[in-house]
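Below is one structure; the comments refer to it alone.
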Amino acid sequence: MCGRFTNKAKPEQIKAEFKVGTKNPNLFQPRYNIAPAQMIDVVFEPETERIVSQLKWGLVPSWSKDAATSKGLTNARAETLTEKPSFREAFKSRRCIIPASGFYEWQKKGTGAKQPFYFYLKEKEIFGFAGLWEEWLEKQTGELLETCTIITTEANEVLKPIHDRMPVILKPEIYEQWLDSKEKNTDKLQKLLVPYPASKMSSHAVSRSVNIPDSDSPELIVPLNSL
């Protein structure tokens, strides 16, 4: 799964990587402990223009009776996207990219507290998770809620000692195909949802301060042996 991640890239890096622009000052702010239910930066193409906006992390299916009581779906397994009613339609036409700089996973050893690790790419400060987005309409007020989820796949060799799942990291050359709402071939799309090459990733243990959702500082990603 993917339960926490970071996005510390500079605005110009994000705009160049995903070919988007924005005048919203709330976007592209450095964040070191992004947690479920928070608003996050999301790149998508709802029509013909690629945009970046903030959506709530935790997908609420359009058919949910009550968004307030619905448990937002933080992750979606790549292997079962076409089987799950919560993700089936979004996989066909509401795909998105979630900019990130790294993510956390926790290793359990014995009966002690889990040890958090930070995972990142060796040669890139910014990359994109494969995601899905959805709209939920409050019928009485007409209020529109936009939410998203991060797609996960089996772990690569860097992740396996820590966790058996990892977020799908998209290669830049498939951004356009992934965001194209006209692409409906789910068999073809599912083949893109594979583990990122382990040789291009690295990780290190970090402080358990990341366990506190309100913690958000550069120190969170500093190697534990350097603190």
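Length gained on full extension, residue 47 to residue 176: 45.1 nm, using 0.36 nm per residue less the C-alpha separation. Under the shape rule built on the C-alpha gyration tensor, where the axes satisfy a ≥ b ≥ c, the stretch 5-110 is oblate, since a/c reaches at least 1.5 while a/b does not exceed b/c. Neighbour counting of Cβ atoms within 10 Å sorts the residues 181, 101, fewest neighbours leading, into 181, 101.
Between residue 137 and residue 1, the simple label model (points 7 Å from Cα in the Cβ direction) yields a spacing of 3.2 nm.
Given R₀ = 35 Å, FRET efficiency for residue 125-residue 160 by Cβ-Cβ distance, to 0.05?
For R0 = 35 Å, the calculated efficiency reads 0.90.
Give a quick list of GluC sites (Glu not before Pro) in the stretch 1-84 that DSSP marks as loop, anything other than H, G, I, E or B, with at most 11 other Cβ atoms within 10 Å. List each step's numbers first, then the result.
On the way: sites: 12, 17, 47, 49, 79, 83; in loops: 47, 49, 83.
Within the stretch 1-84, the qualifying GluC sites (Glu not before Pro) (loop, at most 11 other Cβ atoms within 10 Å) are 47, 49, 83.
Near residue 116, once Lys and Arg are set to +1 and Asp and Glu to -1 for all other residues with Cβ below 14 Å from its Cβ, the sum equals +3.
For the stretch 4-210, what relative contact order do you get, as a whole percent, if you take Cα pairs closer than 8 Å and at least 6 residues apart?
On the way: 433 pairs, mean separation 46.7, N = 207.
Result for the stretch 4-210 is 23 percent.
Say the cut-off is 19 Å between C-alpha atoms; which of 84/182; 65/139; 10/182; 122/191; 19/191; 84/191 go over it? Where the Cα-Cα span goes over 19 Å, the pairs concerned are 84/182; 10/182; 122/191; 19/191.
Using 0.36 nm per residue of separation minus the Cα-Cα distance, give me the extension gain between residue 212 and residue 109 in nm, one decimal. Mind dumping the intermediate values first?
On the way: separation 103, 0.36 × 103 = 37.08 nm, distance 2.00 nm.
Separation in residues times 0.36 nm, less the Cα-Cα distance, equals 35.1 nm.
Which loop-located trypsin sites (Lys or Arg not before Pro) does the stretch 79-133 contain, where loop means any DSSP state but H, G, I, E or B and the Cβ has at most 10 other Cβ atoms within 10 Å? Passing both the DSSP loop test and the Cβ count: 109, 122. Under a Gaussian network description of the chain, with springs only between Cα atoms under 10 Å, the residue in 24, 33, 156 that fluctuates furthest is 24. Spin-label model, residue 79/residue 190: points 7 Å from Cα along the beta carbon direction are separated by 1.2 nm.
Spin-label pair residue 225-residue 19: with each label point 7 Å from Cα along the Cα-Cβ axis, the two points sit 4.2 nm from one another.
Bear in mind these aren't lab numbers, they're just calculated from the coordinates by the rules spelled out. Since the model is a prediction, treat every value here as computed from it, not as a measurement. We place every Cβ from the backbone using ideal geometry, glycine too, and count neighbours over all the protein chains shown.
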